[in-house]
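The values are calculated or read from the model by the stated rules, or taken from the named source; none is laboratory data. These numbers were taken from a predicted model, which means no experiment stands behind them. Glycine gets a Cβ as well: all are built from the backbone with ideal geometry, and neighbour counts include every protein chain shown. These accessible areas exclude ligands, DNA and RNA; they are computed on the full protein's heavy atoms, side chains included. Shrake-Rupley method; radii C 1.70, N 1.55, O 1.52, S 1.80 Å.
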Amino acid sequence: MKRLLFILFVVILLSAACKKKVDEIEFAGTVVDCRECTGTGTTSLSEMDWGWVIALQYPDSMGVDYTNSEGQRFKNVVVMYGTGSLPKQNQKVSGKLYRDENYANSYCRIRFKDLPQTVCSKLN
């Protein structure tokens, strides 16, 4: 019986240790562009996973300078994945995000490395 309890205790400890702890950050900004993540070419626009290219109002030091496809320049820009919806140009957004510089490597067929990668954990 003691051995079974010990094994159960170890399993619980290991499962708790495997969870990734992330630091969520409040954000607000404007969508300035979007990036396709799935890249399969077989899904409709509404079914694709998109990366929202966001010029952040805050936090003010997370992003980099960015020029969109229309030649407009923006400061403090990140790409945000995991929103579950299609972004609209000039849409104001806010909520919580966290950094994950390996998100595109893990989940996207098309990978852009020029912007800091973030994941949306809450969208207002």
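Data table
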quantity	calculated
Residue in the stretch 2-23 that is out of contact with any Lys or Arg (no Cβ under 6 Å at 6 or more places or on another chain), under 18 Å from residue 124 (Cβ atoms) and modelled with pLDDT of 80 or more present	no
Residues (small (Gly, Ala, Ser) and either open to solvent by less than 50 Å² (accessible area, probe 1.4 Å) or farther than 16 Å from residue 122 by Cβ (or both)) located in the stretch 59-84	61, 63, 69, 71, 82
Members of the stretch 89-107 that are over 14 Å from residue 55 (Cβ atoms) and out of contact with any Cys (no Cβ under 8 Å at 6 or more places or on another chain)	98, 99, 100, 101, 102, 103, 105, 106
Residue 51 in contact with a Cys (Cβ under 6 Å, 6 or more places away or on another chain) and at pLDDT 75 or above	yes
Enumerated strands (runs of 3 or more DSSP E) restricted to the stretch 42-124, each holding at least 2 residues that are touching a residue at least 60 places away in the same chain (Cβ under 8 Å)	50-58, 92-99, 117-123
Set 72, 57: member being in contact with a Gly (Cβ under 8 Å, 6 or more places away or on another chain) and farther than 14 Å from residue 99 by Cβ	57
